[in-house]
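> Sharing a structure here in structure tokens format.
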Amino acid sequence: MSRLDEIITFVEVVNAGSITKAAERLGIVKSAVSRRLNDLEDRLKARLLVRSTAGLSITEAGRAFHERARHIIAELDEAELTVTDASANLFGTVHMSAPVSLTNLVLMPHISEFLRLNPGLMLDLSLSDRFVDIVNEGFDIAIRAGTLSDSRLVARKLVDMGRVTCASPEYLAAHGTPLTPQDLDHHDGLVSTNAPESVYWHYSGPAGETYLARPNTRMKVNNGEAVITAAVAGLGIAAVPAFISKELIVRGTLIPILSEYRLAAGSLYAIYPPGRHLSHRVRVLIDFLVERFTVANPE
């Protein structure tokens, strides 16, 4: 068994999280995967993975080796692409993290189109509203909304995201309609903890004046769709991305308020680790998403 086969197998096991899944991806039997892992650890004289009834866990040595090994595989992919028609023959796996609501409501049509155009690619997509450490968790790319704070990462903006202040007709009928941002201090607020701003909502007025509003927090949740559901139920006022609220506003289920005041917004970014190891397939995916969002949201 070649050293390269052992390395590829180890990376697949870590990425898949189990020997069974890795065997399926590699098209070999589980015993062959286990044998390659054992041979690799024997040759390195180091324990890379700990097997138990609870599953697999990676050691510190294994994590360090995985980081270097996946870069080696990416370099090999790049070398092969230099002698093929890269645009027509993308292959391999892209490990991607993205928020739940944004993916379901906005991103999936673009991802589906990209995969149809590139049948040799496999996308390993992990949906989570938590802050994902893409460097240590082995992701090639993450889609992230809001403001950026991790200086280790490279960000490419996909689109600016407007935000809308809205509430249900029932809530406004019962509590009145705020006419200025200051009025929000006397209303119930539905807070998304994933928003670029959380408890405090920042507004700018028609003349450029700024306002800082803090509604009474009725509910906090780390998912935009849950905020919208609570707003529809009449629990309070929400400040949410336009892509989540658009259809409900068109139907009259939610009513936009404070339209003459601009609510501070964030942007949508493709995030990836720095350095020369960004694979060609990830570059092509990012370029594709930038182009699609530009078409869908022209200046």
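> Given (1) at pLDDT below 80; (2) outside any loop (DSSP other than H, G, I, E, B), where does Gly138 come up short, assuming only one miss?
Of (1) at pLDDT below 80; (2) outside any loop (DSSP other than H, G, I, E, B), only one is false for Gly138: (2).
> Tell me whether the range 64-80 contains one or more residues that are part of a loop (DSSP other than H, G, I, E, B), at pLDDT below 90 and not assigned by TED's automatic domain parsing to the domain that holds Ser126.
Initial filter on the range 64-80 (part of a loop (DSSP other than H, G, I, E, B)): none.
No, the range 64-80 contains no residue that is part of a loop (DSSP other than H, G, I, E, B), at pLDDT below 90 and not assigned by TED's automatic domain parsing to the domain that holds Ser126.
> Among the residues of the range 1-39, write down those that are touching a residue at least 24 places away in the same chain (Cβ under 8 Å) and over 19 Å from Ala74 (Cβ atoms).
Met1, Gly17, Ser18, Ile19, Val33, Arg35, Arg36, Leu37, Asp39
> Right, next: Residues of the range 81-102 being assigned to a loop (DSSP other than H, G, I, E, B) and either modelled with pLDDT of 75 or more or touching a strand residue (DSSP E or B) at 6+ places or on another chain (Cβ under 6 Å) (or both), which ones? Step through it out loud before you land on a result.
From the range 81-102, those assigned to a loop (DSSP other than H, G, I, E, B) are 82-91, 99; that's our starting set.
Scanning the range 81-102 gives Leu90, Phe91, Pro99.
> I'd like the residue in the range 222-233 that is of a type in the set (A, V, I, L, M) and crowded, with 20+ Cβ neighbours inside 10 Å and, out of all such residues, is modelled with the highest pLDDT. Reasoning before the result, please.
At the first step, the residues of the range 222-233 found to be of a type in the set (A, V, I, L, M) are 226-228, 230-233.
Among the residues that remain, those that are also crowded, with 20+ Cβ neighbours inside 10 Å are: 227-228, 231.
Numbers: Val227: 91, Ile228: 92, Ala231: 96.
So the residue we want is Ala231.
> Further, regarding this structure: Of all the residues that make up the range 118-141, how many are under 21 Å from Gly224 (Cβ atoms) and without any contact (Cβ under 8 Å) to a residue 12 or more places away in the chain?
1
> For the range 246-272, what are the residues that are of a type in the set (A, V, I, L, M, F, W, C) and either in contact with a strand residue (DSSP E or B) (Cβ under 9 Å, 6 or more places away or on another chain) or not assigned by TED's automatic domain parsing to the domain that holds Glu209 (or both)?
Result: Leu248, Ile249, Leu254, Ile255, Ile257, Leu258, Leu263, Ala264, Ala265, Leu268, Ala270, Ile271.
> Something else now. Give the number of residues within the range 1-47 that are surrounded by 15 or more Cβ atoms within 10 Å (Cβ to Cβ), farther than 18 Å from Arg70 by Cα and basic (Lys, Arg).
1
> Next question, about the same structure. Looking at the range 47-63, which of the residues that are part of a loop (DSSP other than H, G, I, E, B) and of a type in the set (S, T, N, Q) is modelled with the lowest pLDDT? Outline the logic, then answer.
First, the residues of the range 47-63 that are part of a loop (DSSP other than H, G, I, E, B): 47-48, 53-54, 59.
Next, from what is left, pick out any that are of a type in the set (S, T, N, Q): 53, 59.
Details: Thr53: 77, Thr59: 92.
Restricting to residues being part of a loop (DSSP other than H, G, I, E, B) and of a type in the set (S, T, N, Q), the top hit is Thr53.
> Say we look at the range 157-187 and pick out the residues that are at pLDDT 90 or above and among the aliphatic types (A, V, I, L, M); which of these is surrounded by the most Cβ atoms within 10 Å (Cβ to Cβ)?
Only one residue tops the list, namely Ala167.
Matching residues to (1) surrounded by fewer than 18 Cβ atoms within 10 Å (Cβ to Cβ); (2) assigned by TED's automatic domain parsing to the domain that holds Pro119; (3) of a type in the set (A, V, I, L, M, F, W, C); (4) modelled with pLDDT of 85 or more:
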{"site": "Lys220", "(1), (2), (3), (4)": "yes, no, no, yes"}
{"site": "Leu235", "(1), (2), (3), (4)": "no, no, yes, yes"}
{"site": "Ile244", "(1), (2), (3), (4)": "no, no, yes, no"}
{"site": "Glu291", "(1), (2), (3), (4)": "yes, yes, no, yes"}
{"site": "Ala296", "(1), (2), (3), (4)": "yes, yes, yes, no"}
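The values are calculated or read from the model by the stated rules, or taken from the named source; none is laboratory data. Just so we're clear, the structure is a prediction, and the values are computed from it rather than from any experiment. All Cβ positions, glycine included, derive from the backbone under ideal geometry; neighbour counts span all protein chains shown.
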